[in-house]
1. Quick one: which helices (runs of 4 or more DSSP H) sit completely within the stretch 77-118 and have at least 3 residues that are over 16 Å from the mean Cα position of the chain (by Cα) and more than 24 Å from Leu49 (Cα to Cα)?
2. Going residue by residue through the stretch 97-119, is there one that turns out to be farther than 26 Å from Ala21 by Cβ and surrounded by fewer than 19 Cβ atoms within 10 Å (Cβ to Cβ)?
3. Out of everything in the stretch 25-72 that is in contact with a Leu (Cβ under 6 Å, 6 or more places away or on another chain) and touching a residue at least 60 places away in the same chain (Cβ under 8 Å), what residue ends up being surrounded by the fewest Cβ atoms within 10 Å (Cβ to Cβ)?
4. Out of all the residues in the stretch 74-82, is one or more open to solvent by less than 60 Å² (accessible area, probe 1.4 Å), out of contact with any Phe, Trp or Tyr (no Cβ under 9 Å at 6 or more places or on another chain) and under 19 Å from Thr151 (Cβ atoms)?
5. Which of the residues spanning the stretch 144-200 are farther than 23 Å from Glu126 by Cβ, modelled with pLDDT of 95 or more and among the small types (Gly, Ala, Ser)?
6. Restricting attention to the stretch 153-171, which residues are in a helix (DSSP H, G or I), of a type in the set (Lys, Arg) and open to solvent by 30 Å² or more (accessible area, probe 1.4 Å)?
7. State whether one or more residues within the stretch 172-184 are among the β-branched types (Val, Ile, Thr), part of a helix (DSSP H, G or I) and over 23 Å from Ala82 (Cα atoms).
Amino acid sequence: MHHFQKPDINRLLELQELLLAFSQVERVVHRKQADAYIRESDTEHSYNLALSAWYLSTYFSDLDRDKIIRYALVHDLVEVYAGDTYVYAEQSHLDSKQAREAKALKQLIHEWPDFKGLTTEIITYEQRKDPEARFVYALDKIMPILQIYLTEGHTWKIEKNITPERLDSIKRDKVALSPEIKPYYDELYALLIANRHFFG
């Protein structure tokens, strides 16, 4: 066990640099701001997921709320070095996701030995062995759908040839990993079917 000295202001500044870089990772999902549609950042997505997960977790008393919030905060952090991988990306980009993210994790472990909790939570989350990790994983899969739904399908219309059925074929099995989140997905899918005009 390393005993690191308490971080100084320079180390705190280095953490801000990491967080700034993370906030500049853009996702495919759009949100409306004033009259424009702008891409959501990884920071916005992670914050939204953490708060949504915290809110929902209060209704499932057997889940560890604090663990859920930590997982949600770090769940995409490897993207600071690996970039975001869109679910409908080119196959070659999808195929390289695991290797890119493993390399990014190694870099985070190397750069943040004094923030071991950060990388430990990332590793534990990725293994999806506990119900909290599966809860966050499943909720993460519906967050973009919720965001795009609020824009009446703006991103789906741009991306073209996305249908509720195509979305469902990618999402359903992943969301099913969490018995707590699955019923929310079923309700959401019914909303998509009822609003087919949100798709291109």
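1. Working: elements: 79-82, 91-95, 97-111.
The helices (runs of 4 or more DSSP H) meeting that bar are 91-95, 97-111.
2. Checked against the condition, which is being farther than 26 Å from Ala21 by Cβ and surrounded by fewer than 19 Cβ atoms within 10 Å (Cβ to Cβ), the stretch 97-119 yields no hits at all.
3. Top of the filtered list is Ser57.
4. Applying the first criterion (open to solvent by less than 60 Å² (accessible area, probe 1.4 Å)) to the stretch 74-82 yields 74-80, 82.
This time we only want the ones that are out of contact with any Phe, Trp or Tyr (no Cβ under 9 Å at 6 or more places or on another chain), so: 78, 82.
Applying the additional criterion that residues be under 19 Å from Thr151 (Cβ atoms) yields none.
Checking the stretch 74-82: not a single residue is open to solvent by less than 60 Å² (accessible area, probe 1.4 Å), out of contact with any Phe, Trp or Tyr (no Cβ under 9 Å at 6 or more places or on another chain) and under 19 Å from Thr151 (Cβ atoms).
5. Selection gives Gly153, Ser169, Ala190, Ala194.
6. Answer for the stretch 153-171, where residues must be in a helix (DSSP H, G or I), of a type in the set (Lys, Arg) and open to solvent by 30 Å² or more (accessible area, probe 1.4 Å): Lys157, Arg166.
7. As a first pass, look at the stretch 172-184 and keep what is among the β-branched types (Val, Ile, Thr): 175, 181.
Then keep just the ones that are part of a helix (DSSP H, G or I); that gives 175.
With over 23 Å from Ala82 (Cα atoms) added as a condition, the list becomes 175.
Yes, because at least one residue in the stretch 172-184 is among the β-branched types (Val, Ile, Thr), part of a helix (DSSP H, G or I) and over 23 Å from Ala82 (Cα atoms).
The values are calculated or read from the model by the stated rules, or taken from the named source; none is laboratory data. As the structure is a prediction and not an experimental result, all values here were calculated from the model. Cβ sites come from the backbone with ideal geometry, for glycine too, and all protein chains shown count toward neighbours. Heavy atoms of the whole protein, side chains included, go into the accessibility calculation; ligands, DNA and RNA do not. Shrake-Rupley method; radii C 1.70, N 1.55, O 1.52, S 1.80 Å.
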